[in-house]
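Structure first, then comments.
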Amino acid sequence: MKRLIHPYGDLTGGVWLRGNLHAHSTQSDGTRTPQAVIDDYASRGYGFLMLSDHNHFTSDEDYQGWDNRGMVLIPGNEVCGGPHLQHVDADRLVSPDGGPQAILNAIAQAERESGRGFSVVNHPNWMGQFDHASILQMREWTGYIGMEIYNGLITILDGSPYALDKWDMLLSEGRRLWGFANDDAHRPHHVEFGWNVAYVKDRTRAGVVEALRHGRFYCSTGVVISSIEVDGMTVRLETENARRICAVRDVGARQRVVDDRVIEVTVPDDAKYIRFECWGDGEQFAWTQPFYVEEHVTGPVVSPFLNEWQATQRFDHLTLAEASPEHAATVPFGPLAVKPLDNKTYGMVDVRPQIDEKPGVVYVRAEIDSEQAERRIFTLGYDGPLCLWLNGQPIFTGPGVNPAIEDQVKLFVDLKQGKNDLLVAFDSNNGYGWGFFAKLLPK
């Protein structure tokens, strides 16, 4: 049985607030003072705002020196060390050095230390080749929770303000990313191009950030969504002013189109996700977050994943070419749990604690008990180079690219009767790797 996983399950006890997370001031390359930017957005009825000056951190303390004009002000900045990354709800300035993944790692580390902050990829389709952040880069990076699917400034610069193409490609490949719409305002006429409308239950910084982090918002350039209702696999969406609504599924295919302000769609079981585009007059749009299709498990859970593993520490100077079952037999292993059913990376053998964002190799092993000698199907998804051995014999070597997605690779394995030893040597991918998925299926 399938079910929909989505962020709109509890739209009670709160209020919809409109806000912008991408605006610049004279603290970097904007033309107006921070107070002038705040005054402008407040006069337009915005509920929240983040000043995101380039490589300049606007803190909670900074905001205390200005009049918030009734808005919730969110600390942060735009980190420009290559493709631009938005650090939302930051508590510190992150260095732009080291490249995008190093920046994303630093933001993740700040979140672990403070409980605050998340990353968004800005204007992916800016520039002449629509490649400010290429699809190859975005596939490789880990640690960001969303991307700008609309950036207003790019309406007057090279490239496209829309990045729905890359969003659909990544969603179709298994990534779970929220879509954001922002102005990227540098000058007075850059305001009110696109915004995020969040359902906020606590009208504070923490309340707004909680809604954004969990995807309880939609994006708009003018269309207002008035109701989102879900009943099983059926979604009913109502707007105030849409003239056409499209239900979009895997790789951008249109599941249904209606020329109305209301749509109701029963999501097919074979979809990976569905999202809604609402078209109004001119260039007015609204976009919901994705509704993900998942298997709904009732009763006892029988996991398809190998879920009992042990792991070693990280060996700094070991390479995959040097790794071997003989070496693994000489080092200590400790228990390692896979991600549980209610986790978004369910089934992943997560070796990030062992890797600690540093280069090296970690050994991971599992014991497979087979009632008889038989051939089985083994599937892998992995984001770091790895080598596998079964009962001491090599069975697979792979290069490893981000992200790790279930069932990227399938191969036959021959089990012997009794206990079988599966050994994995996992290269940390220069500290960027998370781990791997591993399943053992019937032939």
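Bear in mind that the values in this text are calculations on the coordinates, not laboratory data. Keep in mind the model is a prediction, meaning the values are calculated, not measured. Reconstructed Cβ throughout: ideal geometry from the backbone, glycine too, with neighbour counts over all protein chains shown.
Mind putting a number on the dipole of segment 32-92 about its Cα centre? Charges go on the C-beta only, +1 for Lys and Arg and -1 for Asp and Glu, and I need it in Debye to the nearest 20.
For segment 32-92, the charge dipole is close to 200 debye.
Quick check on the exposure proxy: order PHE118, PHE48 from fewest to most C-beta atoms within 10 angstrom.
Ranking PHE118, PHE48 by Cβ neighbours within 10 Å, fewest first, gives PHE118, PHE48.
What order, most packed first, do the peptides 1-9, 124-132 have when packing is the mean number of other Cβ atoms within 10 Å of each residue?
Descending packing order for the listed peptides: 124-132, 1-9.
Please give the peptides 264-275, 318-329 ranked by average Cβ packing (other Cβ atoms within 10 Å per residue), highest first, as a rough proxy for protection.
By packing density, highest mean first, the sequence is 264-275, 318-329.
To the nearest 500 deg cm²/dmol, what mean residue ellipticity at 222 nm is calculated for the chain from DSSP H runs of n ≥ 4 alone, each contributing -39,500 (n - 2.57), summed and divided by the residues?
One gets -3500 deg cm²/dmol as the mean residue ellipticity at 222 nm.
Counting other C-beta atoms within 10 Å, which of HIS87, HIS24, HIS56 has the fewest, and how do the rest follow?
Ordered from fewest to most neighbouring Cβ atoms within 10 Å, HIS87, HIS24, HIS56 come out as HIS56, HIS24, HIS87.
Just want the ordering: CYS278, CYS80, from fewest to most Cβ atoms lying within 10 Å of their own Cβ.
CYS80, CYS278
Quote to one decimal, in nm, the extra length available between ASP67 and GLU229 on full extension: 0.36 nm per residue of separation minus the C-alpha distance between them.
In short, 54.6 nm is gained.
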